[in-house]
Amino acid sequence: MFKVKGKPVCEGIALGKTTVFRKNCQQVNLCRVQDSEEELNRLSTATAKTKEQIRNLYDKAAAEVGEAGASVFEVHQMMLEDDGYLKAISDMICKEKVSAEFAAAVTRDNYVEMFADMDDEYMKARAADVKDISNRLIRNLTGQEEIDFSSMEPSVLIMDSLTPSEMMRMDRDKILAVVTVHGSGNSHAAILAAMLNIPAVICPAADLGGIHNGMKAVVDGYSGEVIFNPTEAVMKETENRIREQKEKALVLQNLKGKENVTLDGKHINIYANIGSVSDVEDALQNDAGGIGLFRSEFLYLGRDNCPTEEEQFLAYKQVVQAMAGKKVVIRTLDIGADKQPDYLRLEKEENPAMGYRAIRICLKETEIFKTQLRALFRAAVFGNLSVMYPMITSVGEVRRIYEIAEDVKSELEEQGISYKIPEQGIMIETPAAVMISDELAELVDFFSIGTNDLIQYTLAVDRQNGRLYDFYNPHHKAILRMIQMVVDNAHKAGKWTGICGELGADTELTEIFVKMGVEELSVAPSMILKLRKIVREMHADE
Ligand code: PEP
Ligand code: MG
């Protein structure tokens, strides 16, 4: 048995076998071969395997996000059936006597260049598809398999790092816990883990070097301790702790259907944060009063192109309909920083958190923004939908957003498409927005405080940097004063304020937030009943 002390990221205890994923970089070197026939056979086997993987991905995507969302994999399938593409690879193998992977890499680069040079925007976007499908083929040829989460047993995942895109590809039921070398508690991968109620710990690389597949591990997401090859006694103790956890969760179940009301009669909305359509089930199971933050950008990740208006419309509509009249706050695209879809080709930046992200991208690349607004306004017809804009720093940005929204409205009107202008609010997640929250409150319908970014910008602590763990103080007086200021300014203008950052789920602060006058707390579904218990046992007016 040996123990590793890491940093706790998501609460919970897990016991299970390890599955280790070490990321490899995909390099293809020129390799001459004698036997072209053998290379052609390898190509044919790898092509068949790639096709099967694509079929499986299509089925998974269709089940999770619907047929429209899965259509990207149809495009991949078509490419693999395109004679020209496969012929180019086999011709090169035969004529130049090179390995199949080298021929596939060269063909990939030629095709990518050809598509990227096309005038038609749709064809241009196919460059990313060729790249993706070719890389998959190369991985199958070289044996550098893509991390295949689907075929894994329920496991404790050991990884160098975890991106939000990878998280989106995972089969959530199979992850008992996540242990990574890199990352921080405020990265989006960690937030996703919290939403899925998965215990997570970050451990130093040196301590995880000798870990291999199939070892038993205990992960303590409260203390950050990870124990490998635990003794019988430790396993027994862990099983008892897991049982206790389940019992506590069961007691909380009794609170389902009850109101979030303090002993002196003050009501508070406790909503759920979600990242995908399928998370709604979790929100409903935990008795969420609504959705306070749907991070719509996750619809844009783990795929090769922007979701179309129709795909987005269907996803938003599905969520509002499932919530049956309960409020659903959908945040517009907050891409950039640690959420990078390759196909947008965002430039590498020195300071991505303070760079080209979120509303800044939307205000520059208005077509992407308009497509999303059209989908949102159309879906608003089907339920209680609110739209929320991220990373606001000025009144001018809000005015510009309204101008674009007005254009979208006129277009829908002209086209005779039914729509509804929803309630529109903003995230307060920059110190600038806090300081002008009096002016902003006059313009918008509500505020939702994004404490993850607000803390990083106020304390100048990069939320992605695990080394700054000791400097990240979410209870800093500056943060609490800012929250009070925002709530007061909202109230003066007759508007409501919520908190949708991770601090909203901090049970040490629940009473304080209620007393401050915060009207809504939007948290990971697993936290809803815990907060309800606190609210029901407190006095708001003490
Ligand atoms: C936040 O910043 O607190 C927030 C909710 O947004 P995100 O974590 O997605 O940046
Ligand atoms: Mg944010």
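The values are calculated or read from the model by the stated rules, or taken from the named source; none is laboratory data. Everything quoted here is computed from the prediction, not taken from an experiment. Note that each Cβ is placed from the backbone with ideal geometry, even for glycine, and that neighbours are counted across all protein chains shown. In case anyone asks, the SASA skips ligands and DNA or RNA and just uses the protein heavy atoms, side chains included. Shrake-Rupley method; radii C 1.70, N 1.55, O 1.52, S 1.80 Å.
Applying 1/(1 + (r/R0)^6) with R0 = 41 Å to the Cβ-Cβ distance of ASP119 and GLN285 gives a FRET efficiency near 0.25.
Relative to the present Cα-Cα distance, how much length would full extension add between ASP445 and SER161 at 0.36 nm per residue of separation? Mind dumping the intermediate values first?
Numbers: separation 284, 0.36 × 284 = 102.24 nm, distance 3.85 nm.
Net length gain for the segment: 98.4 nm.
Placing pseudo-labels 7 Å out from each Cα toward the beta carbon at ALA432 and ALA233 gives an inter-label distance of 5.9 nm. What the Cβ-Cβ distance of GLU52 and LYS95 gives, at R0 = 30 Å and to the nearest 0.05, is a FRET efficiency of 0.55.
Would you mind getting the accessible area per residue of the chain, heavy atoms of the protein chains only, 1.4 Å probe, in Å²? The partial results should precede the final answer.
Values: 24080 Å² over 542 residues.
Result: 44 Å² per residue.
Rounded to the nearest 20 debye, the dipole magnitude of the range 269-536 is 600 debye, with +1 charges on Lys and Arg beta carbons, -1 on Asp and Glu beta carbons, and the Cα centre as origin.
Quick one: Debye curve from the alpha-carbon atoms of the range 368-438 only, equal weights, vacuum; give me log10 I(q)/I(0) at q = 0.15, 0.25, 0.29 Å⁻¹ to two decimals. So the normalised log intensities are -0.53, -1.11, -1.32. Projected label points at ARG32 and ALA205, each 7 Å from Cα along the beta carbon direction, are separated by 3.7 nanometres.
Note on LEU40 and LEU480: the model spin-label points, each 7 Å out from Cα along the C-beta direction, lie 7.5 nm apart. Using the Cβ-Cβ distance between MET354 and ASN473 with R0 set to 25 Å, the FRET efficiency from 1/(1 + (r/R0)^6) comes to roughly 0.80. Per-atom-type breakdown for the range 345-456 gives carbon and sulfur 47% of the accessible area (1.4 Å probe, protein chains only). Based on C-alpha pairs under 8 angstrom that are at least 6 apart in sequence, the chain has a relative contact order of 16 percent.
For Cα pairs less than 8 Å apart in space and 6+ apart in sequence, what is the mean separation divided by the residue count of the range 167-322, i.e. the relative contact order in percent?
After rounding, I find 15 percent.
Per-residue ellipticity at 222 nm from helix content only, as computed over the chain with -39500 (n - 2.57) for each DSSP H run of at least four residues, stands at -15000 deg cm²/dmol. Dimensions of the chain from C-alpha coordinates, computed as largest minus smallest value along each principal axis and given longest first, are 84, 71, 40 Å.
Projecting the Cα atoms of ASN29, VAL328, ASN465 onto the charge dipole of the chain, computed from C-beta unit charges around the Cα centre, puts ASN465 farthest toward the positive end. Projected onto their three principal axes, the Cα atoms of the range 36-142 cover extents of 43, 32, 20 Å, largest first.
Cα-Cα pairs above 23 Å in the range 269-536: how many percent? Display every interim value, and only then the final one.
Working: 18314 of 35778 pairs.
In whole percent, the share of Cα-Cα pairs in the range 269-536 beyond 23 Å is 51.
A protection proxy built from the mean count of other Cβ atoms within 10 Å ranks the segments 37-44, 224-231, most packed first, as 224-231, 37-44. Taking the accessible area of the range 36-142, probe 1.4 Å, and keeping the other protein chains in place, the carbon and sulfur fraction comes to 52%.
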